[in-house]
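Participant: What follows is a single structure, and I will ask about it in a moment.
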Amino acid sequence: MSSIQVLSTTTIYAPNHSNDHTIDLTPWDLQFLPFEVNQKGLLYRHPLKLDTSNQIQHLKQSLSSTLEFFPPFTGRLKITEHGDNNISCFITCNNEGALFVHAAAEKTSVDDILGPTYLPRILHSFFPLNGVKNYQGTSEPLLVIQVTELVDGIFIGCAINHMVCDGTSIWRFINSWAKASKGCFEKSKIPSFERWFPKFVQHPIRFHFTIESQNNHSSNDIYKEEKPNSVERTFHFTKGNIAKLKLKANLEAGTKNISSLQALLTHIWRSIIRSKNLDPEEEVNYVVVIGVRPRLIPPLKENYFGNAMLDCMVTMKAGELLEDGGLGKGAWEMNKKIALHSDEKLKNHYENWLKTPSFISVGMFNSETLITGSSPRFDVYGNDFGWGKPVAVPIGGEENGNIYVSAGVEEGSMDLQVCLPYETLEAIGNDTEFMEVVSN
């Protein structure tokens, strides 16, 4: 494997752009202001002697035609200062353009990415905007696509400003782009860009935030020293093994309400706690990112485009997780904490944010906290741009403690992309109880 070479960069504009307009942002959007941009990847194989020049041009054209229906992606953030360190922030859909980067990794093959136990470091160079924070979207594009040619494949790396939308909306955009590349864009599924504001909320929302304090935090020496040297590994779970975990968790908890995902996340949580040899009385945390859309009354529209998600923290004692019946106990606790997010609680959280804004940032949780984002419900393997379905769907943005979940290649299967210190990942890779349900 070698480093990559950037061959060209092209600004992609939406066709038929007529009028500039703005999109005011909700607390669900604004909480990501100091966070790093969202990165999604798609890895494809292709025949060794395939001429990709036409494919690259076709991707640019289909991207442009798709962006006509996603105007935020060709806009920029606008931050207005109001004094006393109060600002407001919105998206201006002015068609300044998205960016398309064409690159090549001439000595890297698909198997160089899929073969190693741990994800290779070169993978991060396949994603654009590494280290860029969302508030930098005033000057940086809100969408950057990097298409990297490999020896026998293509990697599409997408970097999306998290102020614009969450994973649900991102994958709907990528799904639309893939369909447009095959000539079957579905105009009936055009998203709705109207954000959700209670009637009493004046917008754009004004809130206290200083970019200087964020820059000082990210350059702090202590912050850098505390960040462990992490590696990443993907674990694959078949539909059958997930069903066994779910059954076991529900039997142990004496319920039928624990979901497949809750059982799976608790399974890896227990393995990680086992590897650390913690005091049984020590409290451990697991943060699950949950969707808001179906929980409000009435629910948000299916085509709601933006962020609609919140963190849900589950806290238990290490000993409770590891004792007999710990799978069911941990999964049931996770289920109950998530179920508490009723319409009333979500609206209270919204109102409280307006009074005391809080933000998600890299390193905001301690090194013992696990965080799971994304969802197995997203259609990630259905993205065929004309040369078949992807063989892997890695996520960018390496951060210790992150566990990204996605659908697996086979129907009903799931993948967990886990970022932890090397010693911890080695330990869970040698944990018989954990690995007996892994099918890599």
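Participant: Assess whether residue 423 counts as being surrounded by fewer than 21 Cβ atoms within 10 Å (Cβ to Cβ) and more than 24 Å from residue 259 (Cα to Cα).
Facilitator: When the stated conditions are applied, residue 423 passes them.
Participant: Of all residues in the range 38-58, how many are open to solvent by less than 40 Å² (accessible area, probe 1.4 Å) and either in contact with a Lys or Arg (Cβ under 7 Å, 6 or more places away or on another chain) or closer than 27 Å to residue 404 by Cα (or both)?
Facilitator: 8
Participant: Ok, one more. Quick one: in the range 290-318, of everything that is of a type in the set (D, E, K, R) and under 17 Å from the mean Cα position of the chain (by Cα), which residue is most open to solvent (accessible area, probe 1.4 Å)?
Facilitator: Among those that are of a type in the set (D, E, K, R) and under 17 Å from the mean Cα position of the chain (by Cα), it is 311.
Participant: To continue, here is another question. I'd like the full set of residues that are among the β-branched types (Val, Ile, Thr) and under 17 Å from residue 312 (Cβ atoms), limited to the range 328-387.
Facilitator: Across the range 328-387, the qualifying residues are 338, 360, 369, 371, 372.
Participant: Follow-up question, since we're still on this one. In the range 151-166, how many residues are of a type outside the set (Asp, Glu), assigned to a loop (DSSP other than H, G, I, E, B) and within 23 Å of the chain's Cα centre (by Cα)?
Facilitator: Of the residues in the range 151-166, 5 are of a type outside the set (Asp, Glu), assigned to a loop (DSSP other than H, G, I, E, B) and within 23 Å of the chain's Cα centre (by Cα).
Participant: Could you tell me how many of the residues in the range 95-132 are in a helix (DSSP H, G or I) and of a type outside the set (A, V, I, L, M)?
Facilitator: Count: 6.
Participant: Could you tell me whether residue 104 is over 15 Å from residue 39 (Cα atoms), buried (at least 21 other Cβ atoms within 10 Å of the Cβ) and among the hydrophobic types (A, V, I, L, M, F, W, C)?
Facilitator: no
Participant: Of the conditions (1) open to solvent by less than 10 Å² (accessible area, probe 1.4 Å); (2) closer than 21 Å to residue 427 by Cβ, residue 277 clears all except one; give me its number.
Facilitator: Among (1) open to solvent by less than 10 Å² (accessible area, probe 1.4 Å); (2) closer than 21 Å to residue 427 by Cβ, residue 277 violates only (1).
Participant: Among the residues of the range 160-200, which ones are in contact with a strand residue (DSSP E or B) (Cβ under 9 Å, 6 or more places away or on another chain) and of a type in the set (Lys, Arg)?
Facilitator: The one that is in contact with a strand residue (DSSP E or B) (Cβ under 9 Å, 6 or more places away or on another chain) and of a type in the set (Lys, Arg): 195.
Participant: So, one more: Listed residues 205, 211, 190; which is of a type outside the set (Lys, Arg) and modelled with pLDDT of 95 or more?
Facilitator: 205
Participant: If you take the residues in the range 167-209 that are free of Cβ contacts under 8 Å to residues at least 40 places away in the same chain and more than 23 Å from the chain's Cα centre (by Cα), which one is most open to solvent (accessible area, probe 1.4 Å)?
Facilitator: 199
Participant: Looking only at residues in the range 4-21 that are at pLDDT 95 or above and open to solvent by 80 Å² or more (accessible area, probe 1.4 Å), which one is nearest to residue 307 (Cα to Cα)?
Facilitator: By that ranking, first place goes to 13.
Participant: For the range 319-336, what are the residues that are at negative phi, open to solvent by less than 50 Å² (accessible area, probe 1.4 Å) and touching a helix residue (DSSP H, G or I) at 6+ places or on another chain (Cβ under 8 Å)?
Facilitator: 321, 326, 327, 328, 330, 331, 334, 335
Participant: I would also like to ask the following. Please name all residue pairs, on different chains or six or more residues apart, with Cβ atoms under 7 Å, provided the first residue is in the range 389-418 and is more than 18 Å from residue 379 (Cβ to Cβ) and the second residue is part of a loop (DSSP other than H, G, I, E, B) and not aromatic (Phe, Trp, Tyr).
Facilitator: Once the first residue is more than 18 Å from residue 379 (Cβ to Cβ) and sits in the range 389-418, its partners that are part of a loop (DSSP other than H, G, I, E, B) and not aromatic (Phe, Trp, Tyr) give 399/362; 400/227; 400/228; 400/367; 401/367; 401/369.
Participant: Before we move on, is residue 339 more than 16 Å from residue 32 (Cβ to Cβ) and open to solvent by 20 Å² or more (accessible area, probe 1.4 Å)?
Facilitator: Yes.
Participant: For the range 391-407, state whether one or more residues are open to solvent by 60 Å² or more (accessible area, probe 1.4 Å) and among the β-branched types (Val, Ile, Thr).
Facilitator: Looking through the range 391-407, none of the residues is open to solvent by 60 Å² or more (accessible area, probe 1.4 Å) and among the β-branched types (Val, Ile, Thr).
Participant: Please find, among 73, 35, the residue that is in contact (Cβ under 8 Å) with a residue 40 or more places away in the chain, of a type in the set (Phe, Trp, Tyr) and open to solvent by less than 40 Å² (accessible area, probe 1.4 Å).
Facilitator: The unique qualifying residue is 73.
The values are calculated or read from the model by the stated rules, or taken from the named source; none is laboratory data. Just so we're clear, the structure is a prediction, and the values are computed from it rather than from any experiment. Note: ideal-geometry Cβ built from the backbone for every residue, glycine included; neighbour counts use all protein chains shown. With ligands, DNA and RNA removed, areas are computed over all heavy atoms of the protein, side chains included. Shrake-Rupley method; radii C 1.70, N 1.55, O 1.52, S 1.80 Å.
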